[in-house]
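Have a look at the structure below, then the notes.
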Amino acid sequence: MKLLLHFKTLITGVFILIASGAFSVQATEAGNDQTEKKGDITAIEYLQLMQTAYKNLNYEILYLNNLKNTVEPKQLLHGVINQEEIAYFRYLNGAMRESLQYLQKISYFEQGSQPYTLQSSRNQSVFANIANFDYEKGLASYEYIILGKGRIAGKTAMAIRMMSKDQYRYSYIVWIDLDTHLPLRLDTIDNSNIILDQIMVVSLKVSEQINPWLESLSSQTLPELFNISQTANLKASLWKVDWLPAGFNVVKDDQHKLVMYENEPVSYIMLNDGIVSVSIYISAKKTTLAQQQKTIQRGATVLYTDQKNNFEINVIGEIPVATAKRLIDSISMVE
Amino acid sequence: MKDVNEQLSAIVDNEFIDQKLIDDLLINKDKQDQFCRYHLIGDVMRGDVTDQFANFDISQQVMAEIKKQPITAPVVELGASTETVTPASENNVISFVKRFGQYAIAASVAGVVVLASLVTSEPSFENNSVGLEVLKTVPLGAANPVSLQATKKQSQQEIKEHNERLEALLNDHQLKLQTQP
């Protein structure tokens, strides 16, 4: 009996300990919030600082891309030469796959195939989407919330949540280095807070001067420019999307051929909200869909297929399936 | 011939003994081989295979066959049909194939590794589902293996084409992302 009593006191003791632990965590979090307010840096300001840093600093990052159960280590070198950004990217494991972006051109080098260059004015590097986003405009569709401090790649980072205001887009959590303001981690999360895609920096080096090797790359002769407009048809598609999720605009509307698949003609519409781009393909119905999957999802990217009368519509992009469905429902032929 | 096989099978099972057939069996090499095979099949089914029959190694034969194949064989793929039809315009064909390659790479390097995984994981999933369906719908023993295989092959072909098309769409999407205004 005495033993039991002893045991009881022990248990209550443990409870008290746990409870006090929880309280102290809350207290420190509240403390963090206050210091942030004192420092006068709001969530949106952090995000904007991150944008400037990502574009203007000379840095080298090693990062991992977590998708489902696969982890892909990659490297990014970034520098600025005469106010022009230069970015070199490569996969660290497996076959050599590299790219170099400089002066509105991006060149791809892959082991075993001929290198080539594409005209590309947008930054294609890993955090480019969040680094190019107009956060003021984004206030219409996202809420920015400071979550608190964390530690990524050995550095203290501020976690900021970009929470979608509706269910038609994903939310993000961005970790920003407090020193350099470079992004250190990006999680793409769905409505139920499941991480769909994760990019995590494991090593970050920032330098005053541009990496000399990167500088030497800038004067390298590039592989032959591959011109896509030859194959693209500039006629508008004969289709329109009557419903767009808030913040999305039509950025492309054309008819072209799928060079990679029997030159099949497709009508094409591209939507963009500043962070994600969604492609809509409308083509003639070829097979009945009955035995096929309608949804293919990998990480945040979804490929949703549906058929209407004699047409097949494919929607591809980093959006929830519900958005893809609603987009397809709203597609109609231009009168 | 089928009759003879049936009789052989019966002998193996100790169900039927025909003096004439046994005499025949003693001189005919083909039938001896067949007899051997039936016994082996029976042994395997009963799980009695312990001797040298169990160790038959076909890998050597397969390797020998592979070595016999012309070395260029695996290269014959996409452009093959056009190439054989119009050998004169070889230059065109090459540049076209090259273009295919280039488009494909544009996507594969694009940063998102969507494609590889879709291509590798998706067909197996589809195959599995087809396989399961077959298992479920056909009662054991009552199946006609030939027609079954035919339908399975056909749908696999369909699935393959479907996947190729989806892959092409994903590639095109990647390419559009690269060249987005």
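Where a number appears in this text, it was derived from the coordinates with a stated rule and is not lab data. As the structure is a computational prediction, the values presented were derived from the model and not from experiment. Reconstructed Cβ throughout: ideal geometry from the backbone, glycine too, with neighbour counts over all protein chains shown.
Considering the zone a paramagnetic label at A:D242 would reach in this model (a point 7 Å from Cα along the Cα-to-Cβ line), which residues of segment A:321-335 have amide N under 16 Å from it? Those under the cut-off are A:325-335.
When the Cα convex hull of segment A:106-258 is projected onto planes of every orientation, the mean area is 13.3 nm².
With the alpha-carbon atoms of segment A:42-194 aligned to their principal axes, the span from lowest to highest coordinate is 45, 40, 33 Å, starting with the largest.
Modelled this way, with points 7 Å down the Cα-to-C-beta line, the labels at A:W213 and A:K325 are 4.9 nm from one another.
Which of the GluC sites (Glu not before Pro) found in segment A:184-226 are loop residues per DSSP with 13 or fewer other Cβ atoms within 10 Å of their Cβ? Don't skip to the end; give the middle numbers.
Numbers: sites: A:E208, A:E215, A:E224; in loops: A:E208, A:E224.
Sites meeting the loop and neighbour criteria: A:E208, A:E224.
Pairs exceeding 24 Å between alpha-carbon atoms, taken from A:K294/B:K176; A:K105/B:K176; A:K240/B:K160; A:K55/A:K252: A:K240/B:K160; A:K55/A:K252. Largest first, the three principal axis extents of the alpha carbons in segment A:176-330 are 60, 45, 30 Å in whole numbers. Remark on A:N58: its backbone amide H falls under 5 Å from those of A:S207, a criterion applied only to residues 5 or more positions apart or on other chains, H modelled at 1.01 Å from N.
For segment A:235-281, which chymotrypsin sites (Phe, Trp or Tyr not before Pro) are in a loop by DSSP, counting at most 14 other Cβ atoms within 10 Å? Please report the intermediate quantities before stating the final value.
Numbers: sites: A:W239, A:W243, A:F248, A:Y261, A:Y268, A:Y281; in loops: A:W243, A:F248, A:Y261.
Sites meeting the loop and neighbour criteria: A:W243.
Computed over segment A:79-164, the P(r) tail beyond 14 angstrom holds 75 percent of alpha carbon pairs.
Starting from the Cα-Cα distance between A:E85 and A:K285, subtract it from 0.36 nm times their residue separation and give me the gain in nm to one decimal.
On the way: separation 200, 0.36 × 200 = 72.00 nm, distance 4.40 nm.
Roughly 67.6 nm would be gained on extension.
Label reach from A:L92 (point 7 Å along Cα→C-beta): in segment A:208-227, no amide nitrogen lies under 17 Å.
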